[in-house]
Amino acid sequence: MSFKSRVEDILRHCPPLFRFTSRLYHRLHGSFRTLSPGAPGAIRKGFELVRARDGAVHGDYYEFGLFRGYTFLQAWNHCRELGLDEVNFHGFDSFEGLPPAEGIDQADGRFFEGQFACSREEVERNLAGNGVDLDKINLVQGYYEDSLTETLRTQHAFKPAAVVLLDCDYYSSTVTALKWLEPYIQPGTVLLFDDWFSYGDSDELGQQKAFQEYLERHPQYRAEDLWEFENHGKGFVLHAAS
Ligand SMILES: C[S@@+](CC[C@H](N)C(=O)[O-])C[C@H]1O[C@@H](n2cnc3c(N)ncnc32)[C@H](O)[C@@H]1O
């Protein structure tokens with residue numbers, strides 16, 4: 001466990017102090033970077049896997065949880081480097097940080113309302129300033145519970161999902177994202193859960209619970225384990241259940 005994780009574990013015993021120090025930490029470390037060092041590499045491996053299997057990538061990239069936009073930028077860069085010019089990029093975020101923690105998402109207090117807030121303007125500045133053509137990406141603003149609607153499906157050309165990064169921390173956000181994604185998920189979709197091990201290796205909390213419930217609702221799929229990635233991520237590829 002890293003020094004930072006050990007300090008966080010101690011601070012979480014006093015939620016107000018934890019929230020204060022977390023906000024201060026992100027203010028002082030305002031640089032444009034990811035919170036998950038392994039996520040950019042996992043995104044690249046996901047696209048490489050789809051391309052090696054199909055000879056091309058016909059689907060889109062979906063990211064739930066952008067914070068400052070770093071992983072989204074890396075997805076864009078990887079596709080440019082790999083020559084995957086047909087991929088469309090969809091990013092979903094409140095741009096106000098996490099909604100209030102409710103139910104099991106209150107767990108040990110590691111996630112809280114407003115955490116990871118970054119305005120849409122700042123995210124767009126970060127992306128455009130690093131070479132992303134804003135006319136070629138689709139950012140959907142709002143809390144998922146409000147923004148992931150049937151109407152949204154008619155407002156953009158959403159293709160099947162090639163690679164999905166679920167970096168939205170909460171069980172509830174992951175459930176909402178996976179439900180909305182249902183028509184776009186298919187055998188071969190790579191699903192990257194950035195918060196898979198946030199609560200250790202327990203399927204009673206967080207993203208592990210959300211994905212287990214998803215698979216129970218969709219017996220037509222089975223999930224093949226791909227790789228784990230830093231800090232607490234894990235990737236899967238879906239197959240048709242035989
Ligand atoms: C850990 S950050 C994402 C980090 C980013 N992928 C990176 O590494 O560069 C989590 C993000 O999820 C977003 N988020 C989580 N739940 C959400 C919800 N229900 N609606 C909208 N945004 C949500 C937060 O606003 C926050 O920006």
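Arranged by the count of other C-beta atoms within 10 angstrom, fewest first, what order do Cys79, Cys168 take?
Numbers: Cys79 23, Cys168 28.
Ordered by Cβ neighbours within 10 Å, fewest first: Cys79, Cys168.
Taking the chain as the region of interest, what is the percent of Cα-Cα pairs per 5 angstrom bin, listed from the shortest bin to the one with the maximum distance?
1, 6, 14, 19, 21, 18, 11, 6, 3, 0, 0
Using only the alpha-carbon atoms of segment 121-242 as identical scatterers, what base-10 log of I(q)/I(0) does the Debye formula give at q = 0.17, 0.18 Å⁻¹?
Scattering profile of segment 121-242, log10 relative to I(0): -0.98, -1.08.
Number of Lys-Lys pairs in the chain under 23 Å by Cα, sequence gap 8 or more or different chains?
Lysine pairs meeting both conditions in the chain amount to 9.
What list do you get for Val140, Val163, Val7, Val57 if you sort them by fewest beta carbons within 10 Å? Don't jump to the answer; show the numbers that get you there.
Details: Val140 17, Val163 29, Val7 13, Val57 23.
Neighbour counts put them in this order, fewest first: Val7, Val140, Val57, Val163.
How large is ³J(HN,Hα) for each residue in segment 4-19, as worked out from phi by the Karplus curve 6.51 cos²θ - 1.76 cosθ + 1.60 (θ = phi - 60°), to whole Hz, x for Gly and Pro?
Karplus values, whole Hz, x for Gly and Pro: 4, 5, 5, 5, 4, 4, 5, 5, 5, 5, 10, x, x, 5, 4, 5.
When only C-alpha pairs under 8 Å and at least 6 residues apart count, what is the relative contact order of the chain, in percent? Mind dumping the intermediate values first?
Numbers: 398 pairs, mean separation 48.0, N = 242.
Reported as a whole number, the value is 20 percent.
Computed over the Cα atoms, what is the radius of gyration of segment 53-133 divided by 2.2 N^0.38 Å, N being its residue count? Please list the in-between numbers first.
Working: Rg = 15.5 Å, N = 81, 2.2 N^0.38 = 11.7 Å.
In units of the 2.2 N^0.38 Å rule of thumb, it is 1.32.
Would you please give the residues with an amide H less than 5 Å from that of Gly114, counting only those at least 5 places away or on a separate chain, with H modeled from the backbone geometry?
Amide H neighbours of Gly114, under 5 Å, 5+ apart: Leu98.
Which whole-number percent is the relative contact order of segment 146-227 (Cα, under 8 Å, 6+ apart)? Could the numbers behind the result be given before it?
Numbers: 78 pairs, mean separation 24.8, N = 82.
Relative contact order comes out at 30 percent.
Report the FRET efficiency, 1/(1 + (r/R0)^6), for Gln186 and Leu17, where r is their Cβ-Cβ distance and R0 is 35 Å, rounded to 0.05. Provide the component values of the computation, followed by the final result.
Working: r = 45 Å, r/R0 = 1.30.
Calculated value: 0.15.
Please arrange Ser173, Ser202 by how many other C-beta atoms lie within 10 Å of their C-beta, fewest to most. Intermediate values should be presented prior to the final figure.
Working: Ser173 27, Ser202 12.
In order of increasing Cβ crowding within 10 Å: Ser202, Ser173.
Pairs of alpha-carbon atoms within less than 8 angstrom and 6+ residues apart define the contacts here; what relative contact order does segment 76-183 have, in percent?
29
Bear in mind these aren't lab numbers, they're just calculated from the coordinates by the rules spelled out. Everything numeric here is computed off the predicted structure, so don't read it as measured data. Reconstructed Cβ throughout: ideal geometry from the backbone, glycine too, with neighbour counts over all protein chains shown.
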